[in-house]
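What follows is one structure encoded as structure tokens, with my remarks underneath.
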Amino acid sequence: MNNTLFGYKQRHTWLNQTNGTAKLVGFLALTSIGMLSYDPRFLLGLGVLAIVLMRSAQIKYREYAFMLKLVLFFAVINLVMVAVLAPQYGVQLYGTRHVLIGQGYWALTQEQVFYECNLLLKYLFSLPLAIILLFTTNPSEFAAGLNKIGVSYKIAYAFAITLRYIPDVQRDYQTISLAQQARGYEISRQATLWARSKGAVQIILPLVFTSLNRIDTISQAMALRRFGREKKRSWYQEQAFKSRDVIVILGALVVVVVGIGLLFSNHGRLYNPFHTS
């Protein structure tokens, strides 16, 4: 198997063997409390925890490099847009104003920098957790986990098909790309932007038609098997809860309790280092 493909891979780690429902509940709990909090101490702790879990899952950098670069790209765009559209939002949140550079409305303040650092930390802790969930959970087991926490099995099955389909799309893209390059379409960085654009079109169009054909095949197969007729369904990949799964959920709940405790300690979502009593 190509290790550069994005998606689930079977590994002999405790995270791979953990129940999909337990991982899903833990992911939702940690991301929810992390997104709610604006305490950098708590967010840094979540980030360290996420990195430790990723290391224990034995996920290689090359497997998630593209996803990491894409998320960081959009994170930088978001931070820049916040700085441009609301340069004094940090001042409004923290109630003080300590100017670093500039004057007036466009002055760069410590409060604004602190606020945007919190936003960046939210990206940095949530991405590893999402990668762990996607890379260590079998798509069918992930769907079973969604269904167990109350999501309709039709929606859960759609998620499972999507996750299974991602590696197939990547393989089709690589195959079509090599075929088009063999026909003389240059899409490397050495080519001009116009040549690379033309080459990309020659790849995307066959990929779209291939994907539509696969979607039609899957939909016909599901219709022939009368998918969706019953209100409930069983799952082949569903696992019974073990002590390890209970520990994962309890660990996530402990982190949530710590986060809620900090919310009360900070008298709200914000940790304000600029406040002087």
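Identify the residue in region 101-128 that is charged (D, E, K, R) and in contact (Cβ under 8 Å) with a residue 40 or more places away in the chain and, among all such residues, is surrounded by the most Cβ atoms within 10 Å (Cβ to Cβ).
Ranking the qualifying residues of region 101-128, first place goes to Glu111.
For region 219-242, which residues satisfy the criterion of being farther than 14 Å from Ser140 by Cα, within 28 Å of the chain's Cα centre (by Cα) and part of a loop (DSSP other than H, G, I, E, B)?
Of everything in region 219-242, those that are farther than 14 Å from Ser140 by Cα, within 28 Å of the chain's Cα centre (by Cα) and part of a loop (DSSP other than H, G, I, E, B) turn out to be Ala240, Phe241, Lys242.
Can we say Val208 is among the aliphatic types (A, V, I, L, M) and modelled with pLDDT of 80 or more?
yes
Does Ile131 satisfy being of a type outside the set (Gly, Ala, Ser), farther than 20 Å from Ser234 by Cβ, open to solvent by less than 70 Å² (accessible area, probe 1.4 Å) and out of contact with any strand residue (DSSP E or B) (no Cβ under 8 Å at 6 or more places or on another chain)?
Answer is yes for this residue.
I'm told Tyr94 meets every condition in (1) open to solvent by 20 Å² or more (accessible area, probe 1.4 Å); (2) out of contact with any Lys or Arg (no Cβ under 9 Å at 6 or more places or on another chain) except one. Can you identify the failing condition by its number?
The single condition Tyr94 does not satisfy is (1).
With the requirement that a residue be exposed (fewer than 12 other Cβ atoms within 10 Å of the Cβ) and either part of a helix (DSSP H, G or I) or aliphatic (A, V, I, L, M) (or both), what does region 253-277 give you?
Across region 253-277, the qualifying residues are Val254, Val257, Gly261, Phe264, Ser265.
Search region 214-240 for residues being open to solvent by 70 Å² or more (accessible area, probe 1.4 Å) and of a type in the set (Val, Ile, Thr), and hand back the single one that is farthest from Val151 (Cα to Cα).
Here the residue is Thr217.
Check Ile149, Ile155 and return the single one that is touching a residue at least 24 places away in the same chain (Cβ under 8 Å), out of contact with any strand residue (DSSP E or B) (no Cβ under 7 Å at 6 or more places or on another chain), of a type in the set (Val, Ile, Thr) and open to solvent by 60 Å² or more (accessible area, probe 1.4 Å).
One residue alone meets the criteria, Ile149.
Which residue pairs have Cβ atoms closer than 6 Å, lie 6 or more positions apart in sequence or on different chains, and pair a first residue in region 82-100 that is free of Cβ contacts under 8 Å to residues at least 40 places away in the same chain with a second residue that is of a type in the set (Gly, Ala, Ser) and in a loop (DSSP other than H, G, I, E, B)?
Within 6 Å, the pairs are Val99/Ala107.
Being modelled with pLDDT of 75 or more, surrounded by fewer than 17 Cβ atoms within 10 Å (Cβ to Cβ) and not hydroxyl-bearing (Ser, Thr, Tyr) narrows it down to one of Gln174, Gln190, so name that one.
So the residue among Gln174, Gln190 that is modelled with pLDDT of 75 or more, surrounded by fewer than 17 Cβ atoms within 10 Å (Cβ to Cβ) and not hydroxyl-bearing (Ser, Thr, Tyr) is Gln174.
When only residues in region 46-67 that are more than 16 Å from the chain's Cα centre (by Cα) and free of Cβ contacts under 8 Å to residues at least 40 places away in the same chain count, which is farthest from Asn16 (Cα to Cα)?
Per the stated criteria, the residue is Val48.
Could you tell me which numbered condition Leu250 fails, if it satisfies all but one of (1) of a type in the set (A, V, I, L, M); (2) more than 30 Å from Gln174 (Cα to Cα); (3) surrounded by 15 or more Cβ atoms within 10 Å (Cβ to Cβ)?
(3)
Which of the residues that make up region 27-77 are of a type in the set (Ser, Thr, Tyr) and closer than 28 Å to Gly268 by Cα?
Selection gives Thr31, Ser32, Ser37, Tyr38.
The values are calculated or read from the model by the stated rules, or taken from the named source; none is laboratory data. What you see is a predicted model; the values in this text were computed from it and never measured. When we count neighbours, we look across all protein chains shown, and the Cβ atoms used for this are built from the backbone with ideal geometry, even at glycine. Accessible surface areas use protein heavy atoms only, side chains included; no ligands, DNA or RNA. Shrake-Rupley method; radii C 1.70, N 1.55, O 1.52, S 1.80 Å.
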